[in-house]
Amino acid sequence: MRVLVVGSRSFVGRRVAERLRAAHSVETAGRDAGAELRLALGEPARLPASGERRYDAVVHCAASFEPDTPAGMIRNALVNAVGALEVGELAVRTGCRQLVLLSTVSVFDEHEGRPRDSYSLSKRHGQENLALLCRAEGIALCTLCPGGVYDERGEGRRHQPLLYHIVDCARRGADFELYGTLDPLRNFLHVDDLAAVVEAALVSGTSGTFPVLHPDFHRVQAIAELAFRVFGRGGRVVRAPEKPDLRELRFPAAGDIFGRVGHPPLIDLPRGLELMRDQLG
């Protein structure tokens, strides 16, 4: 397949492109000079004329994660909501018949990870925008909504600060302070497994909207204790009940996107932590 990956600077976009290049012809679109197509979502930009470029599929990985300040909210709306329509128009102009959108589990009402913040709302609006456009243009749309995506290189630190803080403690052999009286569930998915689902969805022609959650859920204390065992440098979990509770998250029903596309996740959290240990030291 000839595939365009939008979001060449994102750690997910880079890993998806790496995965796809093994079997497909891949170009990237984004702000960096190395992208084959320069594209700044939410800003005035020249999209290629109809027929100027041709792709079988587009994978949209770009997003804005600005805070809920007035400027940040405007930026998120432009990139995540309006930008999704720009990607849809790009798909139309390039003859694309299949589009995979990387969204987030926080768009679902059942998930309280980012309750009604600008990022979640703008991603949800962009998802709805793109679904409307794809229906009108006859483009098959597969929307994948992962939970906590992480990697072994530390590129996902901004998006999963709790997990990487636990890893930092384990690397130093320092105690991890578990705030509050709760021990909430978390779900983490290695970026390689997400990239594999993207490829499998493209190859199988899957359409629809799917949460992408690892089958294994872990409580925060268990994650920290696992990290201490994997790194083997000491440290323990210290409860701090006087501090604010970590948020409880209610996850949507996971469904079986892995079974649907025929690619079960290969990296569970213990293996992911081992990869982080080997990579980060």
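The values are calculated or read from the model by the stated rules, or taken from the named source; none is laboratory data. Bear in mind that the values here come from a model prediction, so they are computed numbers and not experimental data. Counting neighbours? That spans all protein chains shown, and the Cβs are built from the backbone with ideal geometry, glycine included. Only protein heavy atoms, including side chains, enter the accessible area calculation; ligands, DNA and RNA are left aside. Shrake-Rupley method; radii C 1.70, N 1.55, O 1.52, S 1.80 Å.
Among the residues of segment 186-204, write down those that are open to solvent by 10 Å² or more (accessible area, probe 1.4 Å) and either under 30 Å from residue 2 (Cβ atoms) or of a type in the set (A, V, I, L, M) (or both).
The answer is 192, 199, 200, 203, 204.
Is there a residue in segment 138-153 that is of a type outside the set (Lys, Arg) and assigned to a helix (DSSP H, G or I)?
Of the residues in segment 138-153, the ones of a type outside the set (Lys, Arg) are 138-152.
Still in the list and also assigned to a helix (DSSP H, G or I): none.
No, segment 138-153 has no match at all.
Looking at 54, 46, 75 in this structure, which one is touching a Gly at 6+ places or on another chain (Cβ under 8 Å) and assigned to a loop (DSSP other than H, G, I, E, B)?
Of the residues listed, the single one that is touching a Gly at 6+ places or on another chain (Cβ under 8 Å) and assigned to a loop (DSSP other than H, G, I, E, B) is 54.
Name the residue that is surrounded by the fewest Cβ atoms within 10 Å (Cβ to Cβ), counting only residues in segment 10-30 that are more than 24 Å from residue 48 (Cβ to Cβ) and over 19 Å from the mean Cα position of the chain (by Cα).
Result: 22.
Of all residues in segment 71-80 being farther than 17 Å from residue 12 by Cα and within 19 Å of the chain's Cα centre (by Cα), which is least open to solvent (accessible area, probe 1.4 Å)?
If we take residues in segment 71-80 being farther than 17 Å from residue 12 by Cα and within 19 Å of the chain's Cα centre (by Cα), then 76 is least open to solvent (accessible area, probe 1.4 Å).
Quick one: which residue in 83, 95 is touching a residue at least 12 places away in the same chain (Cβ under 8 Å), in contact with a Leu (Cβ under 8 Å, 6 or more places away or on another chain) and either open to solvent by less than 10 Å² (accessible area, probe 1.4 Å) or outside any helix (DSSP H, G or I) (or both)?
83
Taking interchain pairs and intrachain pairs at least six residues apart, which have beta carbon atoms under 9 angstrom, with the first residue in segment 162-185 and open to solvent by less than 50 Å² (accessible area, probe 1.4 Å) and the second among the polar types (S, T, N, Q)?
Between residues of segment 162-185 that are open to solvent by less than 50 Å² (accessible area, probe 1.4 Å) and residues that are among the polar types (S, T, N, Q), the close pairs are 176/221; 178/221; 183/221.
Need a quick list: helices (runs of 4 or more DSSP H) entirely within segment 184-271 having at least 1 residues that are under 18 Å from the mean Cα position of the chain (by Cα).
The helices (runs of 4 or more DSSP H) meeting that bar are 191-204, 257-261.
Of everything in segment 152-183, what is within 18 Å of residue 249 (Cα to Cα) and within 12 Å of the chain's Cα centre (by Cα)? Give them in sequence order.
159, 160
In segment 226-243, what residues are open to solvent by 40 Å² or more (accessible area, probe 1.4 Å) and touching a strand residue (DSSP E or B) at 6+ places or on another chain (Cβ under 6 Å)?
Matches in segment 226-243: 238, 239, 243.
As an exercise: evaluate residue 150 against (1) aromatic (Phe, Trp, Tyr); (2) at pLDDT 95 or above; (3) out of contact with any Gly (no Cβ under 8 Å at 6 or more places or on another chain) and give the number of the one condition it does not meet.
With respect to (1) aromatic (Phe, Trp, Tyr); (2) at pLDDT 95 or above; (3) out of contact with any Gly (no Cβ under 8 Å at 6 or more places or on another chain), residue 150 is out only on (3).
Being open to solvent by less than 40 Å² (accessible area, probe 1.4 Å) and in contact with a Phe, Trp or Tyr (Cβ under 8 Å, 6 or more places away or on another chain) is the filter here, so list the residues in segment 150-161 that pass it.
150, 151, 154, 156, 160
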